[in-house]
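The numbers here are math on the coordinates, done by the rules we state, and not lab data. Everything numeric in this text was worked out from a predicted model, so none of it was measured. Heads up, the Cβs are rebuilt from the backbone with ideal geometry, glycines too, and the neighbour counts pull from every protein chain shown.
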Amino acid sequence: MSKIPIGRISYINVSPVYHGIDHGDCPAWLSMVTEPPATLNAMLRDGEVVMSPVSSVAYARNADQWLLLPDLSIACDGKVLSVLFVSDKPMEFLDGDRVMVTEESATSVELLRILLRKKGGRPVIEPGRVHDPSDLPEGVKGALVIGDSALLADWHGRFPYVYDLGMEWKQMTGLPFVFAVWAIRKDFCAMAPAVVDRLVELFHRSRAAGLTDQHGIVTDAHAKTGLSRETLTRYFNHLVVSLGDQEIKGLSLYFEQLYRYGLLPKKVVPAFASSFETLPSREFSHSMPHHRAFAV
Ligand SMILES: C=C(O[C@@H]1C=C(C(=O)O)C=C[C@H]1O)C(=O)O
């Protein structure tokens, strides 16, 4: 039997969700494709993977073809630490200035556009490689950086204005912000409904393993990035890896705002591939101390 290709974001932010999978609980019938979010967005659209964490705006753009996996996300309720807009001037004073946004993102770029509309900034936005301040061409006045690169490089040292987009959203709306969701292709759900439930169970089990092994998650992330255990613990303390009522509210408001600003052609209501309530893995949510990656 050929293996079922599924995605994994190449940043440490997903490691709490993949912890069980990384540590032995990976069925032989799966093959894992590890890429930055924008690549996975395109691969899920093109059917090169059948299920993947994707940018939440990519889900909105493909909601006709995709469904969400229940209770999984990469989100925050305030600071996220790994999605930063850095700038030489306050955002509202950018006018015709060149700003480079990482080509690895989709959600955060659109969130930045919403924030700029609200605050009145009008930079010229260009996609490009944004891993380190030295990537930015001469004359670029600001940048959007996500994932491990946001945590690793000294953005605060190079730019006087550093906006944490999770915090900006929280201040604007009072709600969590959902950067990534786990989505599955509808055609795959129709073809193999039993596999969908097994995937949901696997991911809930894998995350439950992560939530009870903070030490292991920090150790793995330290080995990958070299960041200190203290920095990593703080990072995972801020990260939300579930998709509860508040996150769904935040996600729905983001979709509404995108529609209102003409950044999304249609209104989108999140729709799920299977019902969380009916799954045997349901009980783990009661034993989960908090919805953040680490209990704070
Ligand atoms: C919190 C993060 O959220 C990410 C941001 C994404 C986007 O902007 O499209 C997609 C997936 C997430 O990896 C991060 O990158 O650290």
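Between LYS118 and ASP64, what FRET efficiency comes out of the Förster formula 1/(1 + (r/R0)^6) with R0 = 30 Å and r the beta carbon distance, rounded to 0.05? Working shown, then result.
Details: r = 29 Å, r/R0 = 0.96.
Computed FRET efficiency for ASP64 and LYS118: 0.55.
Rounded to the nearest 10 degrees, what's the angle between the helix 107-119 long axis and the longest principal axis of the chain, both from Cα atoms, 0 to 90?
Orientation of helix 107-119: about 40 degrees from the principal axis.
Less than 9 Å Cβ to Cβ from LEU81, Lys/Arg counted +1 and Asp/Glu -1: what total charge do the surrounding residues give?
+1
Summing +1 for each Lys or Arg and -1 for each Asp or Glu, what net charge is found among the other residues whose Cβ lies under 9 Å from the Cβ of GLY128? Intermediate results must be reported in sequence, preceding the final value.
Working: positive: ARG129; negative: GLU103, GLU126, ASP135.
Net charge in that neighbourhood comes out at -2.
By how many degrees, between 0 and 90 and to the nearest 10, does the Cα long axis of helix 229-238 differ from the longest principal axis of the chain?
Result, in degrees: 80.
Could you work out Rg/(2.2 N^0.38 Å) for the chain, with Rg from alpha carbons only?
Details: Rg = 18.5 Å, N = 296, 2.2 N^0.38 = 19.1 Å.
That works out to 0.97 for the chain.
For the pair ASP245 and LYS267, what calculated FRET efficiency results from E = 1/(1 + (r/R0)^6), where r is the Cβ-Cβ distance and R0 = 35 Å, to the nearest 0.05?
According to the calculation, E is roughly 0.95.
Grab the DSSP H runs of the chain that are 4 residues or longer, score each as -39,500 (n - 2.57), total them, divide by all residues and round the 222 nm result to the nearest 500 deg cm²/dmol.
-11000 deg cm²/dmol
Can you give the extra length, in nm with one decimal, that the chain gains between ASP88 and HIS23 once fully stretched, where that is 0.36 nm per residue apart less the Cα-Cα distance?
Roughly 19.1 nm would be gained on extension.
Using alpha carbons only, how many degrees (0 to 90, rounded to 10) separate the axis of helix 193-211 from the longest principal axis of the chain?
Here the helix axis deviates by roughly 60 degrees.
Going by average Cβ neighbours within 10 Å, how do the peptides 76-85, 228-237 rank, with the highest at the top?
Per-residue mean Cβ counts within 10 Å order the peptides as 76-85, 228-237.
Take each of the peptides 63-72, 131-140, average the number of other beta-carbon atoms within 10 Å over its residues, and list them starting from the highest.
Most protected by this proxy first, the peptides run 63-72, 131-140.
For each pair in LYS89/LYS118; LYS3/LYS224; LYS79/LYS224; LYS3/LYS186; LYS119/LYS170, compute the distance between the two Cα atoms and list the pairs where it is over 20 Å.
LYS3/LYS224; LYS79/LYS224
How big is the gap, in Å, between the Cα center of segment 124-194 and the Cα center of segment 9-64?
With segment 124-194 and segment 9-64 each reduced to a Cα centre, they are spaced 16 Å.
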